[in-house]
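Below is one structure, written out as structure tokens, with a few remarks after it.
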Amino acid sequence: MAFFVRFWGTRGSIPTPGRTTNKYGGNTSCVEIRVDDTLFVCDGGTGLRELGVDLLRRDMPNITAHFLFSHMHWDHIQGFPFFTPAYIPVNTCNIYGTSAGDHRFHSLLSGQMRSDYFPVDFSELRSHILATDLDDGKRPIDGVRVRWFEQRHPGSSYAYSLEKNGVKVVYATDNEIDLTLAKTFDEIQSDLEKQREVPETLVEFVRGADLLIADAQYTDLEYPKHVGWGHPRATTVVDLAVLAGVKQLALFHHDPMHSDADVEAIVQQCRARARLFGSPLFTFAAREGLELKLE
Amino acid sequence: MLRWPSPFRQSALASQCVPRYARTELLRIARHQKTPMSHEPEQSGWHTEEAEIPLLQAMPFSRPHVLQQIRGPGSPAILELSGESLVLGRSPETDIHIPSPSLSRTHMRLERYQGTYRVIDLDSSNGVYLNEIRVHSAVLRDGDTLQLGNAVFIYHEGK
Ligand SMILES: [Zn+2]
Ligand SMILES: [Zn+2]
């Protein structure tokens, strides 16, 4: 048993094709997590289109995809109408709501395919697109324990934890952790090197993850101009990962203004910060086409 | 006067960057362009040499994808990648054979993918590291560092 985690879209907010973003990629949020034969898809940003193309090349009689959406902002759903497997009758897409009977994500997804926005109506997708839910916060799916955690983001967003046989992966994007810290903004600004007090509930949710995929959009310098935009300082995410004893941290939801070189500079800052606290945490930047095996 | 900047000329790959016939063509055009520059009186009519300058057609331009081995047995070496799929490993039967006990017999596969190559770890004991990250698979980009056991490579993306 192993978890295979593959990044199909790592960019935040809006796609950024071009030479300066070629290495980490320009497609928006989409991560494939395979556990044995079970396929989870975290978010359906523009990276989802290529995942769909790739799935059809794999030798599978039919495809069942479990969609875990962080929220419904454009950069997390725009790939769905271009997910070719959704047009093929033998396939199934399970769209999970976060609490019992919550089918909001299913209806919002169909909303973006109304004729004003898109030429094909949701009802014309021929696969089984089922609205289901994660009961009240947790549910086993094919033996994988899936839990969610509500995050701080305009309109709210959800992190997901997937666990099986001692392997744990957490997908946590679009979370302005900085607005949930114990200290005030001014107190933190006065000593940026000091470890930040992340809420214990979030630390517990992430605790012991083999891999944490986390929104790390802003640098310490950029953040003061973006307070309330829904994204954290990358350094605050490092503090969360260190406190929770995470093994590997994948910086995710790269700012559309950041070039490959900017992303690499953030990785270096984050590694220096983990060293400052004496942590063995390994930090890297999520990039398109990169696949990890965790066992 | 058309002059190649000297670092370019010295580059090992320079001859592959611009095919010889393309350089000849560029030089021919550069020489040709000298003529209209020399001043001619206006009454010389409609037929100027300028009108005869042929438009240069887009030329095929290719350079192979390359793994530059910088450490490990056989280094330094330049390994040109071609074909849809290549296996790299310790076994002499592999396409790229690195005789080091730190590599598995069949260690990694390279697959052509979207104009570049994708690497896939073939369940090797020591793993495939891309820029320090242990990966199961990855799509290579120019300048990436790959480490397999004690063999280290830099990937140069071709065209
Ligand atoms: Zn987003
Ligand atoms: Zn958002």
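Coordinate-derived values only; no laboratory data. Note that the coordinates shown come from a computational prediction; the quantities given were computed from them, not determined experimentally. Here Cβ is always computed from backbone atoms with ideal geometry, including for glycine, and neighbour counts include all displayed protein chains.
So for segment A:137-295, if I pair up every lysine 8 or more residues apart or on another chain, how many of those pairs have alpha-carbons under 17 Å apart?
Details: A:Lys138/A:Lys164; A:Lys138/A:Lys168; A:Lys164/A:Lys247; A:Lys164/A:Lys293; A:Lys168/A:Lys247; A:Lys168/A:Lys293; A:Lys183/A:Lys194; A:Lys247/A:Lys293.
So the count works out to 8.
Show that you can apply the helix-only estimate: for chain A, add -39,500 (n - 2.57) for every DSSP H stretch of four or more residues, divide by all residues, and state [θ] at 222 nm to the nearest 500.
Details: 6 runs with 59 residues, N = 295.
-6000 deg cm²/dmol, from helical runs alone.
So if we plug the beta-carbon distance of A:Glu187 and A:Asp136 into 1/(1 + (r/R0)^6) with R0 = 41 Å, what FRET efficiency do we get, rounded to 0.05?
Values: r = 36 Å, r/R0 = 0.87.
Given R0 = 41 Å and the Cβ-Cβ separation, E is 0.70.
To check you understand DSSP bridge types, tell me what percent of the beta bridges within chain A (both residues inside) are antiparallel, rounded to 5. Present the calculation step by step, with values, prior to reporting the outcome.
Numbers: 32 of 62 bridges.
Within chain A, antiparallel bridges account for around 50 percent of the total.
By how many nm would the segment from A:Asp102 to A:Arg114 lengthen if fully extended, with 0.36 nm per residue of separation less the alpha-carbon distance? Provide the component values of the computation, followed by the final result.
Working: separation 12, 0.36 × 12 = 4.32 nm, distance 2.09 nm.
Taking 0.36 nm per residue and subtracting the Cα distance, the gain is 2.2 nm.
Among A:Ala172, A:Ala159, A:Ala274, which one moves the most in a GNM of chain A with springs linking Cα atoms closer than 10 Å?
Ranking A:Ala172, A:Ala159, A:Ala274 by mean-square fluctuation puts A:Ala274 first.
Compute the angle between helix A:260-276 and the longest alpha-carbon principal axis of chain A, please, reported from 0 to 90 degrees and rounded to the nearest 10.
50
What order do you get for A:Thr283, A:Thr38 when you list them from fewest to most C-beta neighbours inside 10 Å? All intermediate terms of the calculation are to be shown ahead of the outcome.
Working: A:Thr283 26, A:Thr38 16.
In order of increasing Cβ crowding within 10 Å: A:Thr38, A:Thr283.
Among B:Ser75, A:Ser70, B:Ser137, rank each residue by its count of other Cβ atoms within 10 Å, from fewest to most, as a rough exposure measure. Walk me through the numbers before you get to the answer.
Values: B:Ser75 14, A:Ser70 28, B:Ser137 21.
By the 10 Å Cβ count, ascending: B:Ser75, B:Ser137, A:Ser70.
Relative contact order for chain A: what is it in percent, counting Cα pairs under 8 Å that are at least 6 residues apart? Walk me through the intermediate numbers first.
Working: 699 pairs, mean separation 55.7, N = 295.
Here the relative contact order equals 19 percent.
Which chymotrypsin sites (Phe, Trp or Tyr not before Pro) does segment A:111-178 hold that lie in a coil by DSSP with at most 15 other beta carbons within 10 Å? It would help to have the intermediate numbers written out before the result.
Details: sites: A:Tyr117, A:Phe122, A:Trp148, A:Phe149, A:Tyr158, A:Tyr160, A:Tyr171; in loops: A:Tyr117.
In loop regions of segment A:111-178 (DSSP not H, G, I, E or B), the sparsely surrounded chymotrypsin sites (Phe, Trp or Tyr not before Pro) are A:Tyr117.
Order these by the 10 Å Cβ neighbour count, fewest first: A:Leu179, A:Leu249. Mind dumping the intermediate values first?
Numbers: A:Leu179 13, A:Leu249 32.
Fewest-to-most Cβ neighbours within 10 Å comes out as A:Leu179, A:Leu249.
Are there GluC sites (Glu not before Pro) in segment B:49-135 that DSSP marks as loop and that have at most 14 other Cβ atoms within 10 Å, and which are they? Walk me through the numbers before you get to the answer.
Values: sites: B:Glu49, B:Glu50, B:Glu52, B:Glu80, B:Glu84, B:Glu93, B:Glu111, B:Glu132; in loops: B:Glu84, B:Glu93, B:Glu132.
Answer by residue number: B:Glu84, B:Glu93, B:Glu132.
Relative to the longest principal axis of chain A, what angle (0 to 90°, nearest 10) does the C-alpha long axis of helix A:234-243 take?
So the inclination is approximately 90 degrees.
Compute the distribution of all C-alpha to C-alpha distances in chain A, in bins of 10 Å from 0, and list the percent of pairs in each, rounded to whole numbers.
Spelled out per bin, shortest first, that is 6, 30, 37, 20, 6, 1.
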